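Report on the structure given below.
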Amino acid sequence: MSSPAKAKPATAPVVFTANRLLDGRVVWLVAAGQWVERVADATVFPPEEAAAGLALAQEDERAQRVVGVYGAEVALEAGRPVPVKFRERLRAQGPSVPAEPPTYRLAS
Amino acid sequence: MPVLDAKGHVVTDAWVRIADDAPLPDAPAILSLARLRAETLAGRNAPLGLALDPATQPEEIAELLPRLALVAVPLPKSKDGRAFTQARALREHFGFTGEIRATGHVLPDQWRMLRRCGVSTVELPEGADAAQWQRSRDVIDIAYQPSPSEMTEDGAPPAGSALGLRRRRLAA
Amino acid sequence: MNAFVAPIALPNPAHPAQARTYRYDAVDREFLQERIAEFSDQIARRLRGELTEDEFKPLRLMNGLYLQLHAYMYRIAIPYGILNATQLRQLAMIARRWDRGYGHFTTRQNIQFNWTRLEDVPDIMRALADVDMHAIQTSGNCIRNTTTDEYAGADPEEAADPRIYAEIIRQWSTLHPEFTWLPRKFKIAITGAPQDRVAMQVHDVGLVVKRDAAGAIGFEIWAGGGLGRTPVLATKLRDWVPEAELLAYLEAVLRVYNALGNRDNIYKARIKILVRDMGDAFRERVEREFARLPQRAYRLDPEVVAEIAAHFAPPPFARLADNPPAYAAALAGNAEFAAWAKQSVRAHRQPGYASVTISLKPIGGIPGDASAEQMEAVARLAERHSFGEIRVSHVQNLVLPHVRQEDLPAVWQGLREAGLATPNIGLVSDIIACPGMDYCALATARSIPVAQMISERFADLDRQHDIGECFINISGCINACGHHHVGHIGILGVDKRGAESYQITLGGSATNDAALGELVGPGFPYDKVTDAVETILRTYLAERAAGERFVDTYRRIGLGPFKEALYASA
């Protein structure tokens, strides 16, 4: 998994995301060693602090807490971060189709 | 670097890897193919080894094999499995009976399969846990395929190891 | 563990006695337990930091475990798509206990769960092993699950039974010492029927098992087919490889690939690129390798074939006649049943029997998904009516292979109660779709909701019947897991400046007349793709000659009229 934020310097505020090693769930970085499941609660790093944020996140990758760290650009809506890219919004929200057993209607 | 021998023991390496521009010692020495081809080997008694490039096909070195006591097959990355085929071809097609040594980024989890392809030893990173290598080798002791090391004329499993169909029990 | 254990076949009372799956013996079971111990140790080392993610990733992939967009995804092997009822019930149990109550059947005849926790995997592996199942080599750069015809052993036209050889290849490829670290994944498909239902020509190796005039078994061998970024149809390497030499020939193909396949560029690493780039030299090289292999050591002995073949002997069919009164009466008296039977019931080699295809494509549903309850309903019907046997098809449906024709009304009723009687097999709503961006970490666009929108648009069955046979295949990225290149209508979702865009190809086929679809023109945004499909199908209806399927009309008139209809107003 990669993202432009990893490859080139960020130009927008970013949050850092990864999957938790133990259960694979999507998490967002708050502070060293601290990750949350809601992007709204993630720490927003201004572009100039993105590199430091990434280093912080990667520290937890080395400590076997998370896997596949990368930065996602966000916009602030009502003071809360919302990912800019569609893929990252989907990742933050979960699948756009019901992630539950299929319901069915009997043929009429 | 330490070497894992065929029994799973860590031993000190009797061989030295010689850079292309370094003098050739009168001791077991592993050379590149270019160096080996350039070297006048007449009169040398100390054992010679060849460090294969991952892209080199064993047939390209067939004529050198009688002079070699060791061929090193490299895994530049653990995912790069060309060494498995190199080793197998050396044993199966060219009847090479010397040491085949796996080098590079080898995982303990690959050792059992390397052995079954004819690899005899592994060059280990410093501080490697030999016990883990043995555990990883021994955890699975059933195979569904023959191996050159046990290859009888008709492909039958060695005496006492047959498990029906094409399966066999691996020796410890 | 190293003590000699005699290979005794242990009948497992938990398995339906008559289902023709390969029956594990004590050796196979011991092997599975060893594999569980190995992967459990690898997980523990990863959690302790002794394996980096880079080192662990190929190991977990070879055990079927992906890290996807939202969670780990666990892909379980269904060897050549054959399950017995006990196994399907266990999959339902796993779905409920360790996942979210559903599973997704794939185009490789496997099943995957989307919400697996790494720490649960050893427990799930043990639950699978309880019913002789596993997730070995369902991912990774190794030889994957060999796929075959979902009607194997039931098809009236079948020349030879591919299941026997699929099982032999399964055993040969399981933890193959030399071919577990290949340049890329390696997929083998095998068919024994004149009608190719396995998409043989888009596999790394495609095998056709056939008989010569004397009745001896041999194989046509194809290599270098594949979809993805560079779609290629396979090249035939040999018209005939005798049965005894099958494994030696496969060894030769794999050995050339492992030695020479591209290791530097993941997009050029599949065997199709090597075959394409080497041309005839590839075949020559394989033949040279084959000639120098110690043939006797790799020989496939007739005794081994016979032993495996015994697992796939015909179930104890009753002597029945075709078209029994109960079936004929139901067809005549119940239009809904008749509509379902027309699409779902297929002729069987045994008089009085039929194969039933179960649609996992309800209108507006997720193609290939089944709930735990549905899996249990199918298991129950299989036990009652199909010798306890179930197949998974590469178009993501299920099959009850051997159903008495007189039982068809009861089977239909049972399926109907479970929401599994959608009469759309082979029609426009029988869509292949990959998980797309809703689940997959590689995807560039969503697939599932596109399939849902199209299926809703054509929900009217009369309309679907009017359109007739038409395969729509949808992939959410260039890797083409949704086989878009070989759909009659193929849809590929890409990212276009941050928005989902869908490219449409026409005229692909995955069967005997295998062809890659042609791009019709610029892509369509998410909310316009259903309209585009409708325009294409309206164009077909307007242009078709009597008796023509969509793909026939396309082949006759070409892209022009479709292009015109789609883009003229733009």
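The values are calculated or read from the model by the stated rules, or taken from the named source; none is laboratory data. What you are looking at is a predicted structure, and each value in this text was computed from that prediction instead of being measured. When we count neighbours, we look across all protein chains shown, and the Cβ atoms used for this are built from the backbone with ideal geometry, even at glycine.
Taken together, the residues in the range A:68-87 that are touching a residue at least 12 places away in the same chain (Cβ under 8 Å) and under 12 Å from the mean Cα position of the chain (by Cα) amount to 12.
Report yes if some residue within the range C:168-181 is of a type in the set (G, A, S) and under 25 Å from C:A309 (Cβ atoms); otherwise report no. Before you say what the answer is, go through the steps one by one.
Here is the first cut: in the range C:168-181, the residues of a type in the set (G, A, S) are C:173.
With under 25 Å from C:A309 (Cβ atoms) added as a condition, the list becomes C:173.
Taking every residue of the range C:168-181 in turn, at least one turns out to be of a type in the set (G, A, S) and under 25 Å from C:A309 (Cβ atoms).
Residues in the range C:133-149 that are within 15 Å of the chain's Cα centre (by Cα) and under 11 Å from C:L59 (Cα atoms): C:Q137, C:S139. Within the range C:262-282, being buried (at least 18 other Cβ atoms within 10 Å of the Cβ), in contact (Cβ under 8 Å) with a residue 60 or more places away in the chain and either assigned to a helix (DSSP H, G or I) or touching a Ser or Thr at 6+ places or on another chain (Cβ under 9 Å) (or both) holds for C:R270, C:I271, C:K272. Against the criterion of being within 20 Å of the chain's Cα centre (by Cα), touching a residue at least 24 places away in the same chain (Cβ under 8 Å) and crowded, with 24+ Cβ neighbours inside 10 Å, C:S371 does not qualify. For the range B:104-118, the condition of being free of Cβ contacts under 8 Å to residues at least 60 places away in the same chain, more than 8 Å from chain C (Cβ to nearest Cβ), more than 18 Å from the chain's Cα centre (by Cα) and in a loop (DSSP other than H, G, I, E, B) holds for none of the residues. Of the strands (runs of 3 or more DSSP E) lying entirely inside the range C:52-141, the ones with 1 or more residues being more than 13 Å from every other protein chain (Cβ to nearest Cβ) are found at C:72-76, C:82-84, C:111-116. Considering C:A166, C:A152, C:A159, the condition of being buried (at least 24 other Cβ atoms within 10 Å of the Cβ) and farther than 29 Å from C:I266 by Cβ is satisfied by C:A152 alone. Taking the criterion of being within 11 Å of another protein chain (Cβ to nearest Cβ) and under 19 Å from C:H394 (Cα atoms), the residues of the range C:162-189 that qualify are C:E167, C:I169, C:R170. Remark: pairs (first residue in the range B:67-90, within 12 Å of another protein chain (Cβ to nearest Cβ); second residue acidic (D, E) and surrounded by fewer than 21 Cβ atoms within 10 Å (Cβ to Cβ); Cβ separation under 7 Å; 6+ apart in sequence or on different chains) = B:S78/C:E55.
Please pick out the residue among C:R457, C:R446, C:R497, C:R463 that is of a type in the set (K, R) and in contact with a strand residue (DSSP E or B) (Cβ under 7 Å, 6 or more places away or on another chain).
On the way: C:R457 fails: in contact with a strand residue (DSSP E or B) (Cβ under 7 Å, 6 or more places away or on another chain); C:R497 fails: in contact with a strand residue (DSSP E or B) (Cβ under 7 Å, 6 or more places away or on another chain); C:R463 fails: in contact with a strand residue (DSSP E or B) (Cβ under 7 Å, 6 or more places away or on another chain).
Within the list C:R457, C:R446, C:R497, C:R463, the selection yields C:R446.
Every condition in (1) small (G, A, S); (2) within 19 Å of A:A18 (Cα to Cα); (3) free of Cβ contacts under 8 Å to residues at least 12 places away in the same chain is met by C:A71 except one, and the failing one is (3).
Between A:V44, A:V36, A:V84, A:V66, which is farther than 27 Å from C:A499 by Cα, surrounded by fewer than 20 Cβ atoms within 10 Å (Cβ to Cβ) and β-branched (V, I, T)? On inspection, the qualifying residue turns out to be A:V36. Within the range C:283-293, one or more residues are within 12 Å of chain B (Cβ to nearest Cβ), buried (at least 18 other Cβ atoms within 10 Å of the Cβ) and at pLDDT below 95.
Would you check if there is a residue in the range B:128-140 being within 11 Å of chain C (Cβ to nearest Cβ), touching a Pro at 6+ places or on another chain (Cβ under 7 Å) and at pLDDT 95 or above? Among the residues of the range B:128-140, at least one is within 11 Å of chain C (Cβ to nearest Cβ), touching a Pro at 6+ places or on another chain (Cβ under 7 Å) and at pLDDT 95 or above, which makes the answer yes. The set of residues from the range B:91-103 being in contact with a Leu (Cβ under 8 Å, 6 or more places away or on another chain), within 12 Å of chain C (Cβ to nearest Cβ) and free of Cβ contacts under 8 Å to residues at least 40 places away in the same chain comprises B:F94, B:A102. Tell me yes or no: at least one residue of the range C:116-132 is more than 14 Å from C:M62 (Cα to Cα) and within 18 Å of the chain's Cα centre (by Cα). No.
In the range C:385-416, what residues are charged (D, E, K, R) and under 20 Å from C:A326 (Cα atoms)? Please lay out each step first, then the result.
Pass one, the range C:385-416, residues charged (D, E, K, R): C:389, C:391, C:404, C:406-407, C:416.
Hits for the range C:385-416 are C:R404, C:E406, C:D407, C:R416.
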